[in-house]
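Inspection log for the structure reproduced underneath, given as structure tokens.
The values are calculated or read from the model by the stated rules, or taken from the named source; none is laboratory data. Keep in mind that what you see is a predicted model, and the values were worked out from it rather than measured. Ideal geometry is used to build each Cβ from the backbone, glycine not excepted, and the neighbour counts take in all protein chains shown. We work out accessible area using only protein heavy atoms, side chains counted, and drop any ligands, DNA or RNA first. Shrake-Rupley method; radii C 1.70, N 1.55, O 1.52, S 1.80 Å.
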Amino acid sequence: MAQSTRRDFIKTTGVATVGTAALAASSYAAVQGANERVVVGVIGPGGMGTHHIRTLLKQKDVRIAQVCDVDRTRLATAAKNATQDNRVPTTTTDMRRLLENRDIAAVFIATPDHWHGPATLLALAAGKHVYVEKPASHNIREGRLMIEAARAARKICQVGMQSRSTEMNMTAMRMIQEGAIGDVLSVRVWNSQLRRTIGRVKPSAVPKQLDYENWLGPAPFVPYQANRVHGVWRWWYDFGTGDMGNDGVHDLDVARWGLGVDSHPSTITALGGKYFFNDDQQFPDTQTVIFEWPSVGKNNQKKQMIFEQRIWTPYKMEGYENGCAFYGTRGMFLVGHSEGWRLFGARNKELKTVTGRADLLAHHRNFFACVRSGNRPSADIEIGHLASSLCHLGNIATRVRRVINFDPKTEEIRNDKEAGPMVRRTYRAHWARPRGV
Ligand SMILES: NC(=O)c1ccc[n+]([C@@H]2O[C@H](COP(=O)([O-])OP(=O)(O)OC[C@H]3O[C@@H](n4cnc5c(N)ncnc54)[C@H](O)[C@@H]3O)[C@@H](O)[C@H]2O)c1
């Protein structure tokens, strides 16, 4: 264990005078002292996890005590990356060891999507605050369990949708809410990030540095295949959520925010498929989904969201690779993911343009401020669940190719034997299998 981690924890949680028995996981204070370091663990320091490590190291009131990855090569790199002031974090390939580490008050989870729910549930049960990557979950039921677990544990659960803490987005949303384009009834969302083929590959031997059993976790067993691990798991139903849950979720979340809807849509329809890639990936490369809310706000206003995805064309819609166009009764607001925004008045008159980038550091700062204050974070798990559910519902509708009717209260799909079971998944026997699914 790295030096002085226990001292940091005691300073951080303010439980120095409490005996060892009372240091049970559930005893972590929800609110941290203003000037003390929050001790964190990073689970899944791959592509995005490495960004988190870099961003964590910029914050003087945070310390990385432990890193966990099922790939020992990546784990060793992460330990090096997370070393600061000659303090090397401890390492483990088993997240249970990290979750048992009483020095750690908060965890960053940047595993593949199929682990977000199971790891978050375990972390909350161990008394940790959680920052979990987007999409919040791999399916709708997991998201609900995560909300319930966060509330029961009284811990912060922030989802990695950094637009929520990015100043330029907050300004745009405030302007929309204050009526800059009148009443917003409809929003169009798009994702046109260029993607590569994953080819066609046969199963092969598991690389010796990888604990594949625990990479799979409670997801169904499939033999190891090089175009599933790492990064490319995104394009497989068992592990990812396609590009709708990958990049689309950021813009779908902003679209929900600006449209002013605070529940799930009731009606979803979609068409799409693999029009371009001739390879193993399962999710659509071309996809159009329409969501409808039948009654929003005091006026029972109908609202609509359209999501378009073409991940093979270099054309940037409205000048932004990913973004949203909010249509109001007095104008239009274009918001590009990590690029900026443009406001248009009547007759397409451009009124204002802003450029900027999504702000990961600000999202971390929001998380840590909430760990200290106990306030709800900007991308609280409930917001993450509603945004991620749009991806899950859109992907389900695309798979069954028809209108699906969703009950926002019960979170079940009505009268559809094929689509209905897709709001949850079947887990295999594994120590991380969630309960109550
Ligand atoms: N917020 C953003 O802008 C943003 C950007 C990119 C990725 N992401 C999200 O970050 C997550 C990771 O994406 P990535 O591209 O870094 O994937 P990746 O495959 O490169 O990294 C995932 C890492 O998790 C590790 N891992 C898998 N199972 C584990 C387990 N049980 N315990 C510990 N480690 C485990 C893998 O070995 C790998 O190193 C995804 O959910 C993705 O959607 C978010």
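List the equivalent ellipsoid semi-axes of the range 250-364 in whole Å, largest first, each obtained as the square root of 5λ for an eigenvalue λ of the Cα gyration tensor. Can you show the working numbers first?
Details: eigenvalues 124, 91, 46 Å².
Listed largest to smallest, the semi-axes of the range 250-364 are 25, 21, 15 Å.
In this rough spin-label picture, where each label sits 7 Å from Cα along the Cβ direction, the residue 354-residue 296 distance is 2.0 nm.
Take residue 351: with every protein chain present and a 1.4 Å probe, its accessible area is about 100 Å². Under 25 Å of direct C-alpha separation, and excluding same-chain neighbours fewer than eight residues apart, residue 352 reaches these lysines: 316.
Within the range 326-437, the ratio Rg/Rh, alpha carbon atoms throughout and Rh by Kirkwood, equals 1.09. For the listed residue pairs 134/417; 80/274; 58/274, the alpha carbons are over 31 angstrom apart in 80/274; 58/274. Taking every protein chain into account, the accessible area of the chain amounts to 42 square angstrom per residue (probe 1.4 Å). Largest GNM mean-square fluctuation across 312, 257, 341, computed for the chain with C-alpha springs under 10 Å, falls on 312.
Remark: the range 337-351, residue by residue, has Karplus-estimated 3J(HN,Hα) of 5, 6, 9, x, 8, 9, 10, 10, x, 4, 6, 6, 6, 7, 9 Hz, where x stands for each Gly or Pro and the curve is 6.51 cos²θ - 1.76 cosθ + 1.60 at θ = phi - 60°.
Averaging 1/r over each pair of different alpha-carbon atoms in the range 108-217 and inverting the result gives 17.4 Å, the Kirkwood hydrodynamic radius. Could you tell me the center-to-center distance, by alpha carbons, between the range 218-282 and the range 334-408 in angstrom? Computed from Cα coordinates, the inter-centre distance equals 16 Å.
With contributions of -39500 (n - 2.57) from each DSSP H run of at least four residues, the per-residue ellipticity at 222 nm computed over the chain stands at -8500 deg cm²/dmol. Cross-link reach is defined here as a Cα-Cα straight distance under 13 Å, omitting same-chain residues fewer than 8 places apart; for residue 202 the aspartates and glutamates meeting it are 279, 280. Across all directions, the average flat footprint of the convex hull enclosing the Cα atoms of the chain is 21.3 nm². Summarising the label geometry, the points placed 7 Å from Cα in the beta-carbon direction at residue 278 and residue 61 lie 5.7 nm from one another.
How large is the convex hull of the Cα atoms of the range 99-171 per residue, expressed in Å³ as a whole number?
On the way: hull volume 7.1 nm³, N = 73.
Dividing the Cα hull volume of the range 99-171 by its residues yields 97 Å³.
Angle of helix 249-259 to the longest C-alpha principal axis of the chain, folded into 0 to 90 degrees and rounded to 10: 60°.
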